[in-house]
Structures are given as structure tokens and as C-alpha cells.
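The values are calculated or read from the model by the stated rules, or taken from the named source; none is laboratory data. Please read all numbers here as calculations on a predicted model, not as lab measurements. Neighbour counts run over all protein chains shown; Cβ positions are idealised from the backbone, glycine included. Please note that ligands, DNA and RNA were not included when accessible areas were found on the heavy atoms of the full protein model with its side chains. Shrake-Rupley method; radii C 1.70, N 1.55, O 1.52, S 1.80 Å.
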Amino acid sequence: MTADDRVEEPVSGRLEHHINGGVLEPGDEGYDESRRVWNGMIDKFPAAIVRCTGTADVIAAVDYARENDRLLAIKGGGHNVAGKSTCDGGILIDLSLMNSVRVDPSSETARVGPGAKWADFDHEAQAFGLATTGGFISTTGVAGLTLGGGIGYLARKFGLSTDNLIGVDVVTADGEFVHASEAENPGLFWGLRGGGGNLGIVTCFNFELHGVGPEVLTAQVVHPIEDAEDALYFYKEFMADAPNEVACYATVAHVPEVPRFPEVLHGQIVVGLFACYAGPVDKGRPEFEPFADFGDPIFAAVHPMRYADLQQFFDGGQPRGERYYWKSHYLQSLPEGAIDTIASRTESLPGRYTQIVIEPMGGAINEVDETETAYPHRNAAYTFGVFSGWGDPNADDEMIAWTRNFHEEMSPYATGAVYSNYLDRDEEERISAAYGENYERLVELKEEWDPDNLFSLNQNVQPSS
Ligand SMILES: Cc1cc2nc3c(=O)[nH]c(=O)nc-3n(C[C@H](O)[C@H](O)[C@H](O)COP(=O)(O)OP(=O)(O)OC[C@H]3O[C@@H](n4cnc5c(N)ncnc54)[C@H](O)[C@@H]3O)c2cc1C
């Protein structure tokens, strides 16, 4: 069944008395806020929004959607660029109220609700000097990011977010509650670690934690855009020798108008190198010495910072509600042609919120076998993203065309694979590349756990029967 085949009729009060957290329908107070997602290009109107406060609400909503043949969207942090966490006319399960984070410092683990954001997670875990790999922006949801993979400053040291899962509680398409781990339902556990929301709704994530911080050594080094080529060569050499503790991002963007950057830089197009050392601060200092010896930065800070602050450093660079269109690649290296293309394409950068981002992969990410979890991309050295962002709807066509062209120009240097969490709404044909050699096993799991494709609003693996 596809999304288009499902019926649309009013939900009225039929669902409400089973739901603790309440059901919002068009016109209700809070409906508009709850239906919206991070990407302002997505403007959808579900027939009903189920505000879940616990697993019982999730089960009731799943049962209702299945029994009444309703399109079903699941919203964790609502940051999916393709807008997969909302829908027109169907049921939206809003998990944002289920945002508790319970850290057990003695076992160094955390039980995390599916509505938690990375800021919630870091706040609790850092109270005990603990962390696990989270995203670069603290307002992103733990749920969607982890189920697709989860790349962040700590990933080269501790693996992806999903690699740090010990177990999950899941509500399945037939409304059953199951636990999945290496010992229990291992196939489902395998598929949830990289397979996104295809197989069920996770109502609790159990993570392994690691000692991090409270302060980590960081570098924020900003060069003028004229030096982009040199900066990218420096970046390539810097990462080539970096130990797993070091993660450095290279970005081209307009300096956001926020106090942490000098006012004189606001709005300028710059190339930035942003690094973290995931280990003792003093051990990191020699690793970051090359920053002092390179070029003529217009802003340079190499200093210890609270890990929780680092995780929020870039919040607001791509504000919620603006217009976004993303395209990305994985790269195995940064050859001359790729660096030339990035440098020439970014001399002028359309879109106030556009960010060109090279993320470091490798390290512990690539120490996992490609088929050990559903996330398959264990060979890449970087991701490369053209993450375009702007405010004016009249610029949509121009911005989308610019993004596609830039992405296309980078294709000769790319692996052909793509990160499922960065796929946008017009990239259905790239879904099999996102799951790579694990795609067929995901199809088998889909047939086992969701044969009618109730969970269709995601980077969708369709059952073959
Ligand atoms: C500003 C920004 C920064 C980002 N930075 C990073 C980064 O540093 N690293 C990185 O890896 N990614 C990053 N991402 C991408 C991010 O991983 C995806 O956008 C991810 O989908 C966000 O998760 P969410 O819970 O906020 O999304 P949502 O939009 O709520 O959900 C995404 C998908 O997951 C499904 N889903 C949500 N919750 C559940 C659940 N409990 N059970 C089953 N399925 C569920 C949804 O149905 C949807 O298909 C970033 C995204 C943005 C917008």
C-alpha cells in the first residue's frame, strides 16, 4: 500500500478517549505548532495529532491508524529535511512530550525517550561527565538521528549514535510492545540501527555512555573565503593524520549574526574549521597546534569549552521555519578537483542560511563491519553536504537549482552512496543507495515486522510482497 491509497476521513472523538496526552485537530490550540517541522518548505495538515505521553498512547494511536487504514506519520525532533515526520490528512504521532532522559551513572547508560532532543540528552549525561555521540545541533531529535546513523564530534572515537545503542523498546505495526537488543529480537535490533523508522516506533532508547568533558579542547578557526582552497588542503592534511579523538568539520557559510562571532564578521562568507578533541584537554593541545601555524585566520579560538556548550555552538545557524533544500554525498577522499569545485562554487553563496559542510568520518565509525548494523557506510572518509537555506519563497526555484548543480558537480568525487538522514523529499531513487548492501535484508525485515507498510513515511523500504 502507498501513502496515496489510504482513506481520509475525520478522526472526531473516536481516538481521543484512549489517549492520555490529548488529540489535536485543525483549529485546536497548539495544532499549528505541533504540525510544523523544522523545514519551512513543508506545510502539511494532519487530520489529527496524537500527543503521546507514554507507550500506551503510542499503542493506541498505532492500533487506530492500522484498523482505520490511516496514513501515519511519526515525529521525534521534527528535523527531517524531507518532512517525513508530518503528513496531510493522516494521523501524526507527536512524541515530543516523551522527552525524559534517565542516566544511570554506575552502569554508564541512559534510557532516553523518543521525544528528547540532543540538548536534553547532553544536559542530563553531562551532569555525570558522560556523553555519547550526538548531532552537531542540539535541537535535533535523538530518535530520527539515531535510527538513521548519527554523526557527530564523538563518532570517530565512540562510533555513530546508533553504534552506541544497547537496546530499544518498540511498538510494532500490529501494536505489540517488544524489546530489541543483541539478545532479544536481534534481527529487529539490527534493522533499527540505520534502517530509520521503517520497522516500528521506538519508545525508549538505551544508550551506552562514555566519559567526556565536562570540558573538551575545541578549535573554531575562520578564514576568509578567498583562502578557501588553501584552507581545504590544510583540512585534508590535518584529518589525514588525525587520531580517532579528533573530529574536524570544514564549512563554508555566512557568519551567523550571533554574539559568539565578532559583529564585524556577521553576514560574511567564510570558510570555518571546527574541531573537537574527545579526550583529556592536555593530550589534545599538540594535535591542534597546526591551526596556529596555518594561514591568516580572521577569527581563531583554540580553547577548552564545556562539551554541552560545544554541542549548542552552531544552534541557530539554520533556524527552524526557514526554507531548506539539501543534497549530499559520501567522499572517500578530497582530491584536487573536489577542492577546486568547492572553492569556486562558494565564492558567492546564495541563501543566508546555506552551509557547505564536510564532516569527518573514519575512526571508530569504520571499525564496524558494513553488515553489522543496517547503517552500511563504513568506508567513507567524509560526508559532503550542500545544505541550502533561505527565507524568501520566491527564491525556491533558484536555490534548488543551485543546490542540484553544485551537488552534481561534486558527483565525480563521490562514492555514490548517501546518508539516509540527509535525503531530501525528491530523492526516492537514492533510498537503495542509502541502505547499500543491507537493503535486501531490510526488505526481509520489513516483510516480517511491517508487511502492510504502515510505517511508510520515512526513507521507505517497501515490502516486496
Ligand atoms: C539543523 C540540522 C542539523 C543536523 N545535524 C546532524 C548531525 O550533526 N548528524 C547527523 O547524523 N544528522 C544530522 N541531521 C540530520 C538528522 O539526523 C535528521 O534530520 C533526523 O531525521 C532528525 O531526527 P528527528 O527525530 O529530529 O527527526 P523527525 O523529523 O522527527 O524524524 C525523522 C524520521 O524518523 C522517524 N522517527 C522519528 N522518531 C521515531 C521513533 N521514535 N521511532 C521510529 N521512527 C521515528 C520519523 O517518522 C521520520 O521518518 C541534522 C538535521 C538538521 C535539520
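For D241, the stated conditions hold: it is modelled with pLDDT under 95, assigned by TED's automatic domain parsing to the domain that holds S388, more than 22 Å from G150 (Cα to Cα) and open to solvent by 40 Å² or more (accessible area, probe 1.4 Å). Against the criterion of being at pLDDT below 95 and either outside any helix (DSSP H, G or I) or of a type in the set (A, V, I, L, M, F, W, C) (or both), F128 does not qualify.
Which count do you get for residues in the stretch 93-110 that are within 21 Å of V62 (Cβ to Cβ) and not in a loop (DSSP other than H, G, I, E, B)? Selection size over the stretch 93-110: 2. Each residue in the stretch 65-85 was checked for being within 14 Å of the ligand (Cβ to nearest atom) and either part of a loop (DSSP other than H, G, I, E, B) or among the aromatic types (F, W, Y) (or both), and 11 of them qualify. Taking (1) assigned to a loop (DSSP other than H, G, I, E, B); (2) within 13 Å of the ligand (Cβ to nearest atom) in turn, V62 satisfies each apart from (1).
Is it fair to say V418 is crowded, with 17+ Cβ neighbours inside 10 Å, among the aliphatic types (A, V, I, L, M), assigned to a loop (DSSP other than H, G, I, E, B) and under 22 Å from the mean Cα position of the chain (by Cα)?
In short, yes.
Tell me, please, whether a residue that is surrounded by fewer than 17 Cβ atoms within 10 Å (Cβ to Cβ) and part of a helix (DSSP H, G or I) can be found in the stretch 299-322. The answer is no; no qualifying residue exists. Restricting the first member to the stretch 401-422 and to residues that are more than 16 Å from the ligand (Cβ to nearest atom), and the second to residues that are assigned to a helix (DSSP H, G or I) and of a type in the set (K, R), the beta-carbon pairs closer than 9 Å and six or more apart or on different chains are W402/R345; N405/R345; F406/R345; E409/R345; M410/R345.
Is it the case, given these coordinates, that P463 is modelled with pLDDT under 95 and either more than 20 Å from V252 (Cα to Cα) or more than 16 Å from the chain's Cα centre (by Cα) (or both)?
Yes; evaluated as a whole, the condition is true for this residue.
Of all residues in the stretch 86-130, those satisfying the criterion of being within 16 Å of the ligand (Cβ to nearest atom), of a type in the set (S, T, Y) and surrounded by fewer than 24 Cβ atoms within 10 Å (Cβ to Cβ) are S96, S100.
The number of residues in the stretch 350-361 that are closer than 22 Å to N394 by Cα and open to solvent by 10 Å² or more (accessible area, probe 1.4 Å) comes to 5.
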